[in-house]
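Engineer: One structure coming up, written as structure tokens, with questions to follow.
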Amino acid sequence: MNNGAKYLKSNVMVEPLVDGWYAWAHLIPPATAARNLTERHLRIMDSYIDSPETHESAVKNPALLGGPFMDLGGNRVAEVKQLRDNTVRQRSCLVTLSRAIEQLDAILREKASGYSLESLYAEVPECLQGYVELVYDLNNNPSFRLIEPLLYKSPFYDVSSQSVMLSEIKGDDRPFVLSTPRLEKGDSVQLRMPFASEQLDALFRMKKQPASFEAIRDTLGLTGEDAERFKSFLTTETPRRYEKYQGEGARWRYFGHACILLETKNVSILMDPVLSYTYESDVSRYTYDDLPEVIDYALITHDHQDHILFETLLQLRHRIRNIVVPRNGGGSLQDPSLKLLLKQCGFRNVIELSEMEEIPFDRGSITAVPFLGEHGDLNVLTKSAYLLRVDNHKLLFAADSCNIAPKLYEHIHRDIGDVDAFFVGMECDGAPVSWIYGPLLTQRLERPKDHSRRLAGSNYERALAIVEQLHCKEVYVYAMGQEPWLNYVMSIKYTEKSNPIIQSDRLIETCRSRGITAERLFGEKEILLP
Ligand SMILES: [Fe+2]
Ligand SMILES: [Fe+2]
């Protein structure tokens with residue numbers, strides 16, 4: 001060590017926030033952010049202010065896991081009220097946008113009856129004028145598309161709402177982020193800066209390259225108490241060195257959920273980056289410390305908060321050469337473009353892949369494979385499985401693909417042939433569509449309909465049909481949200497009797513009885529490919 005240079009401790013947690021709420025993907029595009037502000041955050045905050053006891057008891061009830069209840073560990077009404085009032089005052093523009101979306105939907109429902117939509121442009125609420133195109137589908141159902149690039153350049157996209165909260169994490173327990181705002185606890189430092197700020201890269205570089213406290217303090221503009229507290233997040237201890245894979249073949253490592261790192265001597269690929277920090281725990285795992293200096297390709301399968309996580313992505317931004325996302329349809333409210341969104345967050349090398357499109361790399365390739373279902377039958381195109389070819393190995397990462405149309409895999413098989421290793425998510429019960437998309441619906445979906453349209457992955461029959469169709473030799477059930485460090489984005493607690501566990505156990509048993517290697521991944525795993 002030299003002249004007081006310091007590293008950022010490996011247990012410093014980085015929570016990206018939008019107006020005090022954890023920044024998951026729908027809080028960044030202006031239109032989805034506006035709807036979540038009025039239909040999720042303000043409602044939950046009002047309900048909490050009204051009856052904090054209800055929230056306190058609901059979060060202790062396992063049957064209500066993931067529900068709209070704040071997990072604040074004690075009465076924080078005054079602070080929630082303050083957050084609510086500040087939000088309403090500072091984001092009146094987004095409240096107006098949310099109401100305008102509601103009005104536009106109502107106008108279309110009422111007046112678009114198959115005749116030309118041209119006369120309705122004059123009735124588009126003023127704040128949306130010039131930002132939408134009115135359209136019919138071929139059955140004369142009216143809708144609108146948003147001109148997203150312009151919305152990001154409008155006053156609706158206000159980066160003053162963005163900040164990053166730093167604190168030390170010592171265990172897995174974190175409140176569920178969709179329903180609990182992040183209140184200051186006196187042990188954190190809030191960096192009020194846009195996610196795209198290069199100062200953040202300077203900070204996260206310090207996990208591997210030491211710098212002086214004074215230099216980073218000034219870069220981040222910290223003073224007084226904040227600067228003092230921030231000092232405690234630094235250490236002179238040299239971090240563990242990562243041994244890059246140097247073998248002739250390839251190696252994959254499971255980091256939990258859908259996050260898998262595949263490395264050859266020359267290329268590193270990280271799937272759905274969602275990582276644990278390094279701290280003492282009973283569940284052994286790979287963490288941020290187990291990544292190569294450079295990640296050549298980060299692949300995102302779809303726009304759910306357990307697969308695209310800014311907390312991880314921002315910390316890795318300076319190490320990611322290319323970030324690959326599924327192609328987007330363009331402009332529907334429920335399907336914001338990940339390419340635009342990541343660009344707003346400071347990513348310069350975003351590659352959008354269409355279905356069956358391929359990126360070649362040294363000794364291999366990445367192919368985007370169609371991903372059906374798991375989005376409550378909403379027209380969402382931003383989803384993709386990925387086939388990785390490395391030498392003569394073929395690995396298919398299907399994430400939460402739900403095999404609702406088995407013929408698809410017959411067509412895919414004709415093109416890609418047999419698959420060696422198949423990774424499949426089997427969260428086959430899934431939440432009702434309103435869980436994530438409810439705030440975007442401007443008319444309430446009746447409960448039976450809502451519950452029939454689920455965010456569910458493949459069950460036993462569906463997963464087995466893919467295994468058979470693609471003649472897989474190895475099957476790994478993953479993306480089950482079982483790792484204890486994922487509770488804050490998953491809010492799932494399985495028992496042996498949970499359907500996804502029963503269904504995946506059956507799949508594993510059937511596969512093994514046929515001589516196929518099969519396992520449900522949990523915690524960590526390493527496989528070497530010759
Ligand atoms: Fe999903
Ligand atoms: Fe998932």
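Engineer: Across 20 Å bins from 0, what is the distribution of all Cα-Cα pair distances for the chain, in whole percents?
Structural biologist: 21, 56, 23, 1
Engineer: May I pose another question? For Arg414 and Glu214, FRET efficiency with R0 = 60 Å and r from the beta-carbon atoms, rounded to 0.05? Working shown, then result.
Structural biologist: Details: r = 62 Å, r/R0 = 1.03.
About 0.45, to the nearest 0.05.
Engineer: 5 Å is the cut-off here: which amide hydrogens, built 1.01 Å from N in the peptide plane, fall below it relative to Ala518, excluding neighbours closer than 5 in sequence?
Structural biologist: Close amide H contacts, sequence-distant or interchain: Val475.
Engineer: With each pseudo-label sitting 7 Å past Cα toward Cβ, what's the Glu198-Glu123 distance in nm, one decimal?
Structural biologist: Modelled inter-label distance: 5.0 nm.
Engineer: What ranking of Trp24, Trp435 emerges when the number of other C-beta atoms within 10 Å of each C-beta is taken as an exposure proxy, fewest first?
Structural biologist: By the 10 Å Cβ count, ascending, the order reads Trp435, Trp24.
Engineer: Can you tell which of Pro181, Gly171, Val159 lies farthest toward the positive end of the dipole of region 151-198, using +1 and -1 charges on the Cβ of basic and acidic side chains (Lys, Arg; Asp, Glu)?
Structural biologist: Value computed over the given set: Val159.
Engineer: Between Lys265 and Ser365, how high is the FRET efficiency from 1/(1 + (r/R0)^6) when r is the Cβ-Cβ distance and R₀ = 22 Å? Nearest 0.05.
Structural biologist: 0.85
Engineer: Right, another one. Extent of region 474-530 along each principal axis, from alpha carbon coordinates, in Å, largest to smallest?
Structural biologist: 36, 29, 12
Engineer: Same structure, new question: If you keep only loop residues by DSSP, which GluC sites (Glu not before Pro) in region 465-530 have at most 15 other Cβ atoms within 10 Å of their Cβ?
Structural biologist: Answer by residue number: Glu496.
Engineer: Let me ask something else. Could you check what % of the DSSP bridge pairs in the chain are antiparallel, to the nearest 5?
Structural biologist: 70 percent
Engineer: About the Cα centre of the chain, how large is the charge dipole given +1 on each Lys and Arg Cβ and -1 on each Asp and Glu Cβ? Please answer in debye to the nearest 20.
Structural biologist: 380 debye
Engineer: To make sure I understand, if each residue's beta carbon is the centre and we count other beta carbons within 10 Å, what order do Met271, Met45, Met13 fall in, fewest to most?
Structural biologist: Listing Met271, Met45, Met13 from fewest to most nearby Cβ atoms yields Met13, Met45, Met271.
Engineer: Taking only DSSP H segments of four or more residues, each worth -39500 (n - 2.57), what value at 222 nm results for the chain once the sum is divided by all its residues, to the nearest 500 deg cm²/dmol? Write out the running numbers ahead of the final one.
Structural biologist: Details: 17 runs with 149 residues, N = 530.
Result for the chain: -8000 deg cm²/dmol, rounded to the nearest 500.
Engineer: Which residues' amide hydrogens lie under 5 Å from the amide hydrogen of Leu299, considering only partners 5 or more residues apart or on another chain, with H built in the peptide plane?
Structural biologist: Those qualifying (amide H under 5 Å, at least 5 residues apart or on another chain) are Leu270, Met271, Asp272, Val324.
Engineer: Measure off 7 Å from each Cα along the Cα-to-Cβ vector at Thr517 and Asp377, then give the distance between these two points in nanometres to one decimal.
Structural biologist: 4.0 nm
Engineer: Per-residue HN-Hα couplings for region 484-490, Karplus 6.51 cos²θ - 1.76 cosθ + 1.60 at θ = phi - 60°, whole Hz, x for Gly and Pro?
Structural biologist: Couplings: x, 7, 9, 3, 5, 10, 9 Hz.
Engineer: Still on this structure, please answer the following. What ranking of Asp272, Asp289, Asp391 emerges when the number of other C-beta atoms within 10 Å of each C-beta is taken as an exposure proxy, fewest first?
Structural biologist: Asp391, Asp289, Asp272
Engineer: Still on this structure: If a paramagnetic tag sat 7 Å from the Cα of Lys497 along the Cα-Cβ line, which residues of region 45-70 would have the backbone N under 19 Å from that point?
Structural biologist: 61-65
Engineer: Hey, another quick one. Quick one: what are the phi-derived ³J(HN,Hα) couplings along region 310-326, Karplus 6.51/-1.76/1.60 with θ = phi - 60°, whole Hz, x for glycine and proline?
Structural biologist: These are the phi-based 3J(HN,Hα) values: 5, 3, 7, 4, 5, 5, 9, 3, 6, 9, 8, 6, 9, 10, 9, 10, x Hz.
Engineer: Also: State the extension gain, in nm to one decimal, for the chain segment bounded by Lys449 and Lys473, taking 0.36 nm per residue of separation less the distance between their alpha-carbons.
Structural biologist: 4.8 nm
Engineer: Sticking with this structure for a sec: Given R₀ = 56 Å, FRET efficiency for Glu133-Thr238 by Cβ-Cβ distance, to 0.05?
Structural biologist: Given R0 = 56 Å and the Cβ-Cβ separation, E is 0.50.
Engineer: Please sort 360-369, 437-446 by packing, taking for each peptide the average over its residues of neighbouring beta carbons within 10 angstrom, highest first.
Structural biologist: In descending order of packing, they fall as 360-369, 437-446.
Engineer: Lys394: which lysines have alpha carbons under 26 Å from its alpha carbon, excluding same-chain residues fewer than 8 sequence positions away?
Structural biologist: Lys244, Lys265, Lys383, Lys407, Lys473, Lys525
Read-outs throughout are calculated quantities, based only on the coordinates presented, and are distinct from any laboratory measurement. Bear in mind that the values here come from a model prediction, so they are computed numbers and not experimental data. Using ideal geometry, Cβ is built from the backbone for each residue, glycine included, and neighbour counts are taken over all protein chains shown.
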